[in-house]
Each structure stands twice: as structure tokens, then as C-alpha cells.
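Data first, discussion second: the structure below is written as C-alpha cells.
The values are calculated or read from the model by the stated rules, or taken from the named source; none is laboratory data. The shown structure was predicted, so the numbers you read here are calculated from the model rather than taken from an experiment. Cβ sites come from the backbone with ideal geometry, for glycine too, and all protein chains shown count toward neighbours.
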Amino acid sequence: MEFPEKLKTLRKDADLTQQELADKLYISRSLYAKYESGIAIPSKDTLQKIALLFNVDVNDLVSFKETTFMVVEEHNTREKLKNITLISSIVICALFIVFYFIPVFQIYSYKYPAPAGQQPERIMTLMSSFSLLNSKGIPLGNITLGFCVVEAIISILCLTIFSKRKIVARYIAYTIFALVMFLIIITIAFSCGYSF
């Protein structure tokens with residue numbers, strides 16, 4: 001007997017509806033219904049909750065073939081999430097690289113002397129980009145740009161290589177991405193500070 005049939009039998013023997021059992025497992029009824037129909041397979045945690053609820057061993061619920069399939073499915077899901085993270089980092093870095101050169105900040109100057117009792121007239125002199133920091137003697141913009149380029153390259157490599165080095169490269173990519181996010185925030189803050 002396969003897992004969906006075993007689960008259905010256990011539920012009926014306990015005189016529970018799908019909704020009642022779903023509530024006990026803290027999942028939706030529709031997701032539980034997918035377990036009984038074989039459309040979806042529960043996670044390891046949910047499987048353990050089911051085993052505890054019905055006082056059976058997890059190995060009695062699923063066959064070796066089903067266990068193997070669940071492990072493969074869980075691995076594939078983790079891989080998809082890791083790839084989504086890498087793709088997101090590439091997109092964020094690419095957006096920063098593009099916007100680095102686009103003038104998005106308004107630079108103002110003040111016209112002096114001002115009439116008595118009035119504020120000096122503010123005049124927009126130019127539109128500037130993140131590269132403004134470099135002209136102010138702060139290399140933060142270039143540093144951030146450099147890290148964005150490195151992060152994008154490493155993330156692309158992580159998505160394309162399939163060797164044992166992929167795990168190391170992925171952790172490097174995650175670390176650099178955390179640094180990139182910090183640098184982007186600091187760069188934006190500094191750029192806004194020099195824009196007015």
C-alpha cells in the first residue's frame with residue numbers, strides 16, 4: 001500500500017475528516033487533500049507529525065521508493081531556491097551597474113547674496129549619478145560598482161558550473177551579495193547626502 005492510501009486509511013480509522021486532520025497538522029485542507037490524492041508529498045516535518053499523531057513509525061508510512069523520491073524532491077526544491085537567490089543577486093547587481101551611470105540625483109546651488117530676511121535662491125545646477133561620490137574624493141561608488149561586477153560574475157558561474165567547487169563558489173557569492181547590499185545602501189545614503 002502506497003503512502004496516500006495508508007494516510008487515508010489512518011484518517012478514516014481515527015474517524016477524522018480531512019479538515020480536522022489538516023487542522024491538527026497546521027496545514028490547509030487543500031494541501032492535505034493533495035497528500036491523499038498523491039499529487040503532493042509532505043515535508044519531513046509534516047511526515048513526522050503524521051507519524052506522531054497516529055502513533056506509527058515514519059518507515060511504516062512510506063516505502064523506500066517514496067522516501068528516495070521525497071529526498072530527491074526536497075533536494076530539487078532547495079536547489080531551485082538557491083538558484084532564485086543567485087538570479088536575484090544578478091538582477092540587483094545589474095540594476096545598480098546600470099543606474100550607476102544614469103543621472104538620478106539633482107544637484108543644487110544657492111544664489112548669493114540673498115535679499116534681507118529671505119533664504120538664498122536655490123538653483124539646480126546639474127543631474128548626477130552615483131559616480132558623484134568619486135568626484136568628492138570618496139571611492140565608495142567605484143568600490144560598490146566593482147563588488148557588483150564580481151558578484152554578478154560569480155553568481156553566473158554558480159548557475160553554470162556543476163563541479164564540486166560550486167558549493168564553495170555559492171557561499172562566496174552569498175557573502176559578497178550581503179556585502180554588496182550593505183554597500184549599495186551606504187552608497188545611496190552618501191549620494192543623497194551630496195545631492196542637496
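Kindly indicate the residue of segment 3-52 that is of a type in the set (D, E, K, R) and in contact (Cβ under 8 Å) with a residue 24 or more places away in the chain and also farthest from Thr77 (Cα to Cα) among those meeting that condition.
Arg11
Of the residues making up segment 35-51, just one is buried (at least 16 other Cβ atoms within 10 Å of the Cβ) and either at positive phi or of a type in the set (S, T, N, Q) (or both), namely Thr46.
Scanning segment 30-55 for residues that are part of a helix (DSSP H, G or I) and hydrophobic (A, V, I, L, M, F, W, C) yields Leu31, Ala33, Leu47, Ile50, Ala51, Leu52, Leu53. Would you mind stating whether Val149 is at pLDDT 80 or above, loosely packed, with under 13 Cβ neighbours inside 10 Å and more than 22 Å from Ile27 (Cβ to Cβ)? Taking the combined requirement at face value, the residue does not satisfy it.
Of all residues in segment 5-15 being of a type outside the set (Ser, Thr, Tyr) and either at pLDDT below 90 or within 15 Å of Ala51 (Cβ to Cβ) (or both), which is nearest to the chain's Cα centre (by Cα)? Give the steps one after another, and end with the answer.
Within segment 5-15, the first condition is being of a type outside the set (Ser, Thr, Tyr), and the residues that meet it are 5-8, 10-15.
If we keep only those that are either at pLDDT below 90 or within 15 Å of Ala51 (Cβ to Cβ) (or both) as well, we get 5-8, 10-11, 13-14.
On the way: Glu5: 36, Lys6: 36, Leu7: 34, Lys8: 36, Leu10: 38, Arg11: 37, Asp13: 42, Ala14: 41 Å.
Across segment 5-15, the extreme among qualifying residues is Leu7.
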